[in-house]
Amino acid sequence: MDYSTSDLCDHFVDVVDVLEPMFVNFGGRAAFSGRIKTVKCFENNEMIREILQQDGSGQVLLVDGGGSTRRALVDIDVAELAFENNWEGMVVYGAVRHVDELEELDLGVQAIASIPVGADSLGAGEVGVPVNFAGVSFFDDDYLYADSTGIIISPEELLLESLEEDEADEF
């Protein structure tokens, strides 16, 4: 689907929540969208790796890393795992590393910072839990839309094409 988060906000102003503008695009795909799968972990990425081993078609992994920028939750190995299993992208409330390699991968990756220190793999974390950051609450199965302008979420899928067809019929 071709969309811009600006247009989606204009057409669905009462439905969307907009994340505070703190995220940077590190992936090779600037725009991505899908159903959210949440994971909450702090400075370790074992749960992230487990989730990304599943088929991610039509899904975006939303990682609540507590906003820590001391360790990178996503590196090129984690991102390649997501790519190989058809994930649309990842939004990380935390840091990433291997920035040059991430930029070459056809995967959406947005995070708040980069750092060369890798995450540990202690395995602590929770999957499928509601999380809150960037002024928004996230739930599994919400829809996320990201592009170079920003990130928005909605409890329902936003179909801009059907809206444009309705508007064309009015003329």
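Data table
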{"quantity": "Residues of segment 115-127 satisfying the condition of being in a loop (DSSP other than H, G, I, E, B), in contact with a strand residue (DSSP E or B) (Cβ under 7 Å, 6 or more places away or on another chain) and on the phi < 0 side of the Ramachandran plot", "calculated": "Ile115, Val117, Ala119, Ser121, Leu122, Ala124"}
{"quantity": "Pairs where the first residue, in segment 22-34, is buried (at least 20 other Cβ atoms within 10 Å of the Cβ) and the second is among the aliphatic types (A, V, I, L, M) and part of a loop (DSSP other than H, G, I, E, B), C-beta under 9 Å, 6+ apart", "calculated": "Gly27/Leu105; Gly27/Leu107; Phe32/Leu107; Ser33/Met1; Ser33/Leu158"}
{"quantity": "Checking Pro130 against (1) under 14 Å from the mean Cα position of the chain (by Cα); (2) under 24 Å from Glu156 (Cα atoms), the condition it does not meet", "calculated": "(1)"}
{"quantity": "Qualifying residue in segment 128-150 (condition: outside any strand (DSSP E or B), under 17 Å from Glu43 (Cβ atoms) and either touching a helix residue (DSSP H, G or I) at 6+ places or on another chain (Cβ under 7 Å) or at pLDDT below 95 (or both))", "calculated": "no"}
{"quantity": "Selection from segment 11-39 of residues that are assigned to a strand (DSSP E or B) and out of contact with any helix residue (DSSP H, G or I) (no Cβ under 8 Å at 6 or more places or on another chain)", "calculated": "Asp17, Val24, Asn25, Phe32, Ser33, Gly34, Arg35, Ile36, Thr38"}
{"quantity": "In segment 51-79, the residues that are among the charged types (D, E, K, R) and either under 15 Å from the mean Cα position of the chain (by Cα) or buried (at least 17 other Cβ atoms within 10 Å of the Cβ) (or both)", "calculated": "Asp64, Arg71, Asp75"}
{"quantity": "Unique residue being in a strand (DSSP E or B) and farther than 20 Å from Pro155 by Cβ when the list is Leu81, Leu73", "calculated": "Leu73"}
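The values are calculated or read from the model by the stated rules, or taken from the named source; none is laboratory data. The shown structure was predicted, so the numbers you read here are calculated from the model rather than taken from an experiment. Because the Cβ atoms are built from the backbone with ideal geometry, glycine has one as well, and the counts that use them run over all protein chains shown.
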